[in-house]
Amino acid sequence: MATYLIGIDAGTTGCKTCVFDLEGHLVGTDYREYPCYYPQPGWVEQLPEDLTPALFESVRAAIRDAGVPAEEIKALAISTQGSVFGALDETDQLIRPFIGWQDVRGVEYVERIRDGEYIDPERLYQISGYPVATVPCLTKYLWFKDHEPDSFSRTRRISHHQDFFLKEFGAEDWFVNDTATASRTGIFDIDAGEWSQEIVDALGLDIDLLPRIVKAGSIAGRVPRDVAIRTGLAEGTLLCVGAMDQNCSTMGGGLVHEGTAITVIGTYGATFVASEESRRDPNGTLIFKNNSGSDNFTVEAASIASASCYRWFRDTICSLEMAMAKEFGPDGNAYILINKAIEAVSPGSNGLVFLPYLQGAGSGPRSDPYAKGAFLGVTLGTTKAEMARAVLEGITLEMRDNIESIRKVGIPVNEIRAVGGATNSPVWNQIQADMYKVPVSVLEVSETGCLGAAMYAGIGLGVYSSLDEAAERAVRIREVYEPNPDNYDAYDKAYERFVLGYESLADGGFFRALHQQLAR
């Protein structure tokens, strides 16, 4: 009898379920959408009555798509959003909608913590590895405690998506979190591997409300009969603890040891590197968190707009290419036409620089919510093809900026594994290799979040003895792009222009002045 694993990626706007064999081959998949709600500006919420049915339906459809007997699917784990917060009452029912990771209602607490209220911000960073920001749950907890005191007083468990979905799938030992999920709360001691009593006390919370910490891949229970009926899973299928989405994606990319980095260039961009030691960024902008299922750490630098910049360029400037693509039918792809034009442009885009900060700068060395996008160096001779290449180079230069900041804290980056929509573009893959000056590998499976979750399920099942074995067996490289030294000088100069362009606009006050003018 064959053995299969299921990995579910329960993301922000939908969930994908994938069925894999033990060698990481994708045999079945399904995707279902669910909504977010925005009851007030800056608020983002989700409801379990939307989430759970979508997950169950996706599992059933993926099993059908795989065409394998449910009895051969032996284990399941879930990749979940980080920094999502819910409160459960004494009957384990959700008291209010989940507060999403993008929710910024706690922004007032960011300023208060930066001003030294509650806890010294540097001390907070040293313990948690997370810079003060609206993303981690910390500010959401404070908002909930202060603004909904009646609901807070009824709270018996502080829930995150990892534990909540284990409960929904019927796990007996469901109130648990992996270390990466816990790291995204902002109240976890990443060196001790436990909730920080110091931070919890400073915020006025109760540590007993928090989930128990376990390793990703731990067994949480088995699928009961009622859930089996709703999902198509066999009764008794093993339920294993997964991890937050970013760590599942990096695990699905084989990020196990120091020296390898994962670059994600998609709707959201980020660079992830494994570190054998617990480090901190002297500038306080890089994110450090536990690498779930392992004893080492991951370092993160975010690029907020990332490949969305390329989509913006296509939609705004490339109407001709989009019209031409439609002539090829529903499968026509304007990016193919744009990429073809880009190939004819020399590295460095003839001096043109694109700053990809269409949604501000992320958690890298230029963390700046006021930053804006810009083309710098435009002349009467500038062509659309040069602008297109500058967009790809600008997005990649931000990633290089992140990689350089990671190297500065003493973490080597010797190999890049690229995931995300950018990997569909050979010219972009080569730009990455030349700009980073290391080989860039493109993976065979693009659904790395699902694969990483399935690998954790395999560890719980015992078919993989370790993360190393799971990565060796299930993660496969489709193609490797070797760096071309002939292009190093052009990209070094482009990087100098990129940094100088940002610093001139930021230090000169342009970004902040523009923000203030637009806010009037």
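The values are calculated or read from the model by the stated rules, or taken from the named source; none is laboratory data. Owing to the predicted nature of the structure, the values given are computational and were not obtained by experimental measurement. Every residue, glycine among them, receives a Cβ derived from its backbone with ideal geometry; neighbour counts consider all protein chains shown.
At-a-glance table
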item	result
In region 418-433, the residues that are buried (at least 23 other Cβ atoms within 10 Å of the Cβ), of a type outside the set (Val, Ile, Thr) and at pLDDT 95 or above	428, 432
Leading residue by the ranking (farthest from residue 366 (Cα to Cα)) among those in region 380-426 that are within 18 Å of the chain's Cα centre (by Cα) and among the hydroxyl-bearing types (Ser, Thr, Tyr)	423
Residue in region 416-426 that is in the same structural domain as residue 264 (by TED's automatic domain parsing), of a type in the set (D, E, K, R) and outside any loop (DSSP other than H, G, I, E, B) present	no
Test: residue in region 357-367 that is on the phi < 0 side of the Ramachandran plot and modelled with pLDDT of 90 or more	yes
Any chance residue 447 is of a type in the set (Asp, Glu), surrounded by 16 or more Cβ atoms within 10 Å (Cβ to Cβ) and closer than 25 Å to residue 313 by Cα	no
Of all residues making up region 80-104, the number that are in contact (Cβ under 8 Å) with a residue 60 or more places away in the chain, in a loop (DSSP other than H, G, I, E, B) and either crowded, with 24+ Cβ neighbours inside 10 Å or at negative phi (or both)	13
Long-range neighbours under 7 Å by Cβ, at least six apart or interchain, first residue closer than 14 Å to residue 274 by Cβ and not assigned by TED's automatic domain parsing to the domain that holds residue 267 within region 286-308, second assigned to a loop (DSSP other than H, G, I, E, B) and among the acidic types (Asp, Glu)	none
Residues located in region 292-336, provided they are assigned to a helix (DSSP H, G or I), closer than 22 Å to residue 419 by Cα and touching a helix residue (DSSP H, G or I) at 6+ places or on another chain (Cβ under 8 Å)	309, 310, 313, 314, 334, 335, 336
Where a residue in region 61-77 is within 10 Å of residue 17 (Cβ to Cβ) and its partner, wherever it lies, is assigned to a helix (DSSP H, G or I) and of a type in the set (A, V, I, L, M), with Cβ under 8 Å and at least six apart	63/70; 76/59; 76/457
Residues of region 174-189 classified as crowded, with 22+ Cβ neighbours inside 10 Å and of a type in the set (A, V, I, L, M, F, W, C), total	4
Pick from region 462-496, criterion touching a Lys or Arg at 6+ places or on another chain (Cβ under 9 Å) and not in a helix (DSSP H, G or I), ranking: surrounded by the most Cβ atoms within 10 Å (Cβ to Cβ)	475
Test: residue in region 5-24 that is in a helix (DSSP H, G or I), in contact with a Gly (Cβ under 9 Å, 6 or more places away or on another chain) and either closer than 30 Å to residue 151 by Cα or not charged (D, E, K, R) (or both)	no
Residue within region 51-59 that is farther than 18 Å from residue 13 by Cα and in contact with a Phe, Trp or Tyr (Cβ under 9 Å, 6 or more places away or on another chain) present	no
Qualifying residue in region 55-75 (condition: outside the structural domain of residue 267 (by TED's automatic domain parsing), buried (at least 19 other Cβ atoms within 10 Å of the Cβ) and assigned to a loop (DSSP other than H, G, I, E, B))	no
Residue 261 in contact (Cβ under 8 Å) with a residue 40 or more places away in the chain, in contact with a strand residue (DSSP E or B) (Cβ under 9 Å, 6 or more places away or on another chain), buried (at least 19 other Cβ atoms within 10 Å of the Cβ) and closer than 17 Å to residue 299 by Cβ	yes
